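The values are calculated or read from the model by the stated rules, or taken from the named source; none is laboratory data. Owing to the predicted nature of the structure, the values given are computational and were not obtained by experimental measurement. Backbone-built Cβ (ideal geometry, glycine too); neighbour counts: all protein chains shown.
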Amino acid sequence: MALTDVRHARTEEPRHAPPKRQRFWLHRFDTKTFPYLMIAPFFLLFAVFGLFPLIFNAVVSLRHWHLIDKEKNGWVGLDNFTKLASDTDFWDALVNTFGIFVLSTVPQLLLALMIANLLNRKLRGATFWRIGILLPYVTPVAASSLVFAVFFSRDNGLANWFLSLVGFGQEQPLDWRAGTWSSWIAIAVMVNWKWIGYNALLYLSAMQAIPKDVYEAAAVDGAGPWRQLWQITVPMIQPVVLFTVILSTIGGLQLFTEPMLFDENPAQANGGYDHQWRTIAQLIYRVGWSDLNLGYAAAMSWALFLIILVVAGINALVTRRLGGGK
Amino acid sequence: MSSRLLSRAPQDTPGTWKSYLGLGVILLVSAFPVYWMFVIATSSDEAVMSSPPALIPGDQLMVNLREVFTMQDVFFTASLINSLIVSLAVTASTLFFCSLAGFAFAKLRFKGHNVLMFIVILTLTVPNQLGVVALFIVMGELGWNGTLLAVIAPGLVTAFGVFYMRQFIGHAIPDELVEAARIDGALTMRIYWTVVVPAIRPALAVLGLLTFVATWNDFQWPLITLNGTDYPTSMVALSDLASGNYVVYRRVLAGAFVATVPLVVLLLVGGRQLVRGIMEGALK
């Protein structure tokens, strides 16, 4: 139908229209009640599988809750938490978690920034590069962790072979799993590999939203590309940097898959012969589903939750300060 | 002259050979572990244990795959089917419920919609993993532990999805279009199917990809609830392959490679959408 055609207004009732009264109620239901039905699934599912477990976790943490040995099950007050305070396993795991967290987050975000800066050019095949750096993001963590577990093996591992090429460890190959630092580094490499590309895209997206005249104005001062990056680009994308810092804090402190599968026998959730790379999430798994002591595992979860809140808060503050934000 | 050059915004500055070299190296590092997974998956024990380690694919892929698929107590074939069922169910349901809720929040006026949307955003910050102990008990009460339901149910609709859909629908669909359909006598559900869904196909593709990838790759919760049962997902089966006193690398990585292939295919097919989805997500 051409735009100039006359469109006759429909005067007759639509066919099959329900009687007026019924239609009124239907309309009322449709506009007043139905929207709530549309959003109900989210709230219902979140209540059952998100909020309730989190609250119920607190209840469990105040009880002795053993899966098999049920005789002693019951309220124990803060016993689980006092036990936690003097549990060297927990504090060791906390140190490991933080060590791996720092080693995996700082390089991750800095390298992502560099890569985003590289991508923030007029490039041939821009989409190709962007898709390419997402390969680690889609690769299952379990699969890539297993590759790296082989990569970092002491005998005939590729990592040691690369090291020997630059003249390191030819007589005595490095046993990555044995040492504390070497195992942390190996795990940090897995985390970095997985998340650098993803974060780079987040930064790139923010960089491309910076108005071009900001750079033109700054050019009067003759800022070189390097100063341009640190003095203009980074402060301008500060909200996204903050977002990634918080995201990687939440993710990093709950690190589970990489340390699990780095073990020579993952089923035991040991985190090394001496637990030198066992993270808190791994310890929770061990306590909960090997020792079957759910009450204590719940107490650890709450402790970890509080730690994450505090660290995320501190990191957010520090990022704001460094970024010179208001 | 040089200050003129520098006055250009980075995104208008053409890449130099150094940029391409840098990107090439990054791409190599990104792809190498996946490539090497394939190399080991196609190698014999001798090739894996040789020094220097194999860097070129061998011809043992079929042998290794046969071993993986016939391993006792690993249920590898079933695990792939399970992963597919779980990922498809979660993805389909997430797309439906999130777009429905997103539509309501973006275009319908009902009491308390601002407060409710604020709650949705607030729940984004709750780290769900911390409730796993209690979630395990809840699933136990429901009798779902060890079944695929335990993995599917918590993922059926996500706060991120609702939020993402609300943003997209808010921009993509003019209010007048919804009004016009309503004056024509269409009910909300009909407007959803005939007006909203056709207009948000790109957003559905993005959210679908993100959800599928995340669900397929999920490890911790499936391990907790499905480990030791006859219904593992492929990630749990991988952990089984890698456990035990004597681990055969070529077999483990052959399994890892099989579990990775669907996602690489997804990246090749939907990479453009995935990139867009992640980049758009950053701005909102």
Query raised in the report: When segment B:12-44 is examined, which residues are found to be under 30 Å from A:Y215 (Cα atoms) and in a helix (DSSP H, G or I)?
Result: B:D12, B:W17, B:K18, B:S19, B:Y20, B:L21, B:G22, B:L23, B:G24, B:V25, B:I26, B:L27
**Report entry** Test: A:A297 is under 22 Å from B:G131 (Cα atoms) and either assigned to a helix (DSSP H, G or I) or among the small types (G, A, S) (or both)
**Finding:** yes
Requested in this report: For segment A:199-208, indicate whether the set of residues that are closer than 29 Å to A:S153 by Cβ and assigned by TED's automatic domain parsing to the domain that holds A:L317 is non-empty.
Outcome: yes
Report summary line: Over segment B:70-103, the set of residues in contact with a Ser or Thr (Cβ under 8 Å, 6 or more places away or on another chain) and of a type in the set (A, V, I, L, M) is B:L80, B:V86, B:V90, B:L95
Query raised in the report: Which one of these is at pLDDT 90 or above and in a helix (DSSP H, G or I): A:L255, A:L247, A:L202, A:L229?
Result: A:L202
Query raised in the report: In segment B:213-226, what residues are surrounded by fewer than 24 Cβ atoms within 10 Å (Cβ to Cβ) and under 8 Å from the mean Cα position of the chain (by Cα)?
Result: B:V213, B:A214, B:T215
Report summary line: Exactly one of B:F103, B:F97, B:F75 is assigned by TED's automatic domain parsing to the domain that holds B:F163 and within 21 Å of the chain's Cα centre (by Cα), and that one is B:F97
Query raised in the report: Could you say which residue among A:L317, A:L283, A:L306, A:L322 is within 18 Å of A:L51 (Cα to Cα) and either hydrophobic (A, V, I, L, M, F, W, C) or outside the structural domain of A:A267 (by TED's automatic domain parsing) (or both)?
Result: A:L306
Query - One residue from A:A312, A:A267, A:A316 being at pLDDT below 90, under 19 Å from B:V132 (Cα atoms) and among the small types (G, A, S) - result: A:A267
Query raised in the report: Within segment B:143-153, is there a residue that is surrounded by fewer than 21 Cβ atoms within 10 Å (Cβ to Cβ), among the β-branched types (V, I, T) and either within 12 Å of another protein chain (Cβ to nearest Cβ) or in a helix (DSSP H, G or I) (or both)?
Result: yes
Query raised in the report: Do we have any residue at all in segment B:32-45 that's surrounded by 17 or more Cβ atoms within 10 Å (Cβ to Cβ), within 17 Å of A:A126 (Cα to Cα) and at the interface with chain A (Cβ under 7 Å from one of its Cβ atoms)?
Result: no
Query raised in the report: Which condition does A:I187 not pass, out of (1) closer than 28 Å to B:T211 by Cβ; (2) within 8 Å of another protein chain (Cβ to nearest Cβ); (3) buried (at least 24 other Cβ atoms within 10 Å of the Cβ); (4) not basic (K, R), if it passes all the others?
Result: (2)
Query - Sole exception among (1) part of a loop (DSSP other than H, G, I, E, B); (2) under 30 Å from the mean Cα position of the chain (by Cα) for B:L80, by number - result: (1)
Report task. Check A:V240 against each of (1) surrounded by fewer than 23 Cβ atoms within 10 Å (Cβ to Cβ); (2) within 21 Å of A:F305 (Cβ to Cβ); (3) in contact (Cβ under 8 Å) with a residue 12 or more places away in the chain and name the one condition it does not meet. Result -> (2)
Query raised in the report: With A:S290, A:S248, A:S301 as the choices, which residue is closer than 24 Å to A:M190 by Cβ and surrounded by fewer than 16 Cβ atoms within 10 Å (Cβ to Cβ)?
Result: A:S290
Query raised in the report: Which of (1) of a type in the set (S, T, Y); (2) in contact (Cβ under 8 Å) with a residue 40 or more places away in the chain; (3) within 21 Å of B:A134 (Cβ to Cβ); (4) out of contact with any Lys or Arg (no Cβ under 9 Å at 6 or more places or on another chain) does A:T233 not meet, given it meets every other one?
Result: (3)
Report task. Kindly indicate whether B:D12 is at pLDDT below 95, outside the structural domain of B:R251 (by TED's automatic domain parsing) and farther than 18 Å from A:L229 by Cβ. Result -> no
Query raised in the report: Can you pull out the helices (runs of 4 or more DSSP H) entirely within segment A:51-142 that have at least 2 residues that are modelled with pLDDT under 95 and surrounded by 14 or more Cβ atoms within 10 Å (Cβ to Cβ)?
Result: A:52-61, A:79-85, A:88-119
Report summary line: Of the residues in segment B:94-115 that are within 15 Å of A:F42 (Cα to Cα) and in contact with a Gly (Cβ under 7 Å, 6 or more places away or on another chain), the one that is nearest to the other protein chains (Cβ to nearest Cβ) is B:C98
Query raised in the report: Got a number for residues in segment B:162-197 being loosely packed, with under 14 Cβ neighbours inside 10 Å, more than 18 Å from B:G277 (Cα to Cα) and not hydrophobic (A, V, I, L, M, F, W, C)?
Result: 7
Query raised in the report: Just one of the numbered conditions (1) modelled with pLDDT of 90 or more; (2) β-branched (V, I, T); (3) out of contact with any helix residue (DSSP H, G or I) (no Cβ under 7 Å at 6 or more places or on another chain) is not true of B:T229; which one?
Result: (1)
Query raised in the report: Do you know which residues across segment B:48-58 are facing chain A (nearest Cβ under 10 Å) and surrounded by fewer than 20 Cβ atoms within 10 Å (Cβ to Cβ)?
Result: B:M49, B:S50, B:S51, B:P52, B:L55
Requested in this report: Of all residues in segment B:154-174, count the ones that are in a helix (DSSP H, G or I) and out of contact with any helix residue (DSSP H, G or I) (no Cβ under 7 Å at 6 or more places or on another chain).
Outcome: 3
Report summary line: Of (1) under 18 Å from the mean Cα position of the chain (by Cα); (2) under 16 Å from A:L94 (Cα atoms); (3) more than 9 Å from chain B (Cβ to nearest Cβ), A:V287 satisfies every one except (1)
Requested in this report: State which residue is nearest to A:A312 (Cα to Cα) when the search covers only segment B:96-130 and only residues that are basic (K, R) and surrounded by fewer than 20 Cβ atoms within 10 Å (Cβ to Cβ).
Outcome: B:K111
Report summary line: Checked A:P140, A:P107 against criteria (out of contact with any His (no Cβ under 8 Å at 6 or more places or on another chain) and over 30 Å from A:N293 (Cβ atoms)); the one match is A:P107
Requested in this report: Can you tell me which residue within segment B:254-272, out of those that are facing another protein chain (nearest Cβ under 7 Å) and either closer than 12 Å to A:L261 by Cβ or out of contact with any Leu (no Cβ under 8 Å at 6 or more places or on another chain) (or both), is surrounded by the fewest Cβ atoms within 10 Å (Cβ to Cβ)?
Outcome: B:R272
Report summary line: Per the filter on segment A:36-51, residues more than 7 Å from every other protein chain (Cβ to nearest Cβ) and touching a Gly at 6+ places or on another chain (Cβ under 9 Å) are A:L51
